[in-house]
Amino acid sequence: MLSATVLQTECLPGIVLAHKHSSAHRQELMASGICGCFYCLKIFEPTKVNEWTDYPPGTPEGQELVLGTTALCPCCGIDSVIGDRSGFPITGQFLAQMKQRWFGSSK
Ligand SMILES: [Zn+2]
């Protein structure tokens with residue numbers, strides 16, 4: 001009986017890695033063909049994103065949206081957007097797995 005077996009089924013390493021692609025990802029996202037939000041599970045084109053956060057310290061007032069590096073979802077406003085350039089499949093199933101891992105089930 002190996003505890004590693006239990007860890008493997010719980011851990012979903014891809015899901016953990018994918019989360020790193022949901023912030024400071026502006027260039028990656030804009031290079032993506034499609035992206036999705038793992039909070040509201042909507043799939044949309046990167047050009048639909050018009051709000052950005054995580055701008056560098058010292059960003060002049062009014063430049064936050066220009067210099068922000070993390071997309072906010074155009075549907076729900078949560079910073080949980082990931083693009084296909086991350087190497088992960090932007091599908092409803094994948095986004096649902098991400099949601100379950102990072103936001104818990106909807107129970
Ligand atoms: Zn959303």
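The values are calculated or read from the model by the stated rules, or taken from the named source; none is laboratory data. Since we're looking at a predicted model, the values are computed, not measured. Backbone-built Cβ (ideal geometry, glycine too); neighbour counts: all protein chains shown.
Laid out as a table, the results:
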read-out: Of all residues in the range 83-95 being surrounded by 14 or more Cβ atoms within 10 Å (Cβ to Cβ) and part of a helix (DSSP H, G or I), the one that is farthest from the ligand (Cβ to nearest atom); value: Arg85
read-out: Enumeration of residues in the range 36-59 that are closer than 15 Å to Pro89 by Cβ and out of contact with any Leu (no Cβ under 6 Å at 6 or more places or on another chain); value: Cys37, Ile43
read-out: Test for Cys37: is it buried (at least 19 other Cβ atoms within 10 Å of the Cβ) and free of Cβ contacts under 8 Å to residues at least 60 places away in the same chain; value: yes
read-out: Search result, residues across the range 20-34 that are surrounded by 15 or more Cβ atoms within 10 Å (Cβ to Cβ), of a type outside the set (D, E, K, R) and either in contact with a Lys or Arg (Cβ under 9 Å, 6 or more places away or on another chain) or at pLDDT below 95 (or both); value: His21, His25, Leu29, Ser32
read-out: Per-region count, the range 60-82, residues part of a loop (DSSP other than H, G, I, E, B) and closer than 13 Å to His19 by Cα; value: 2
read-out: Selection count where residues are surrounded by 13 or more Cβ atoms within 10 Å (Cβ to Cβ) and out of contact with any Phe, Trp or Tyr (no Cβ under 6 Å at 6 or more places or on another chain), scope the range 49-70; value: 9
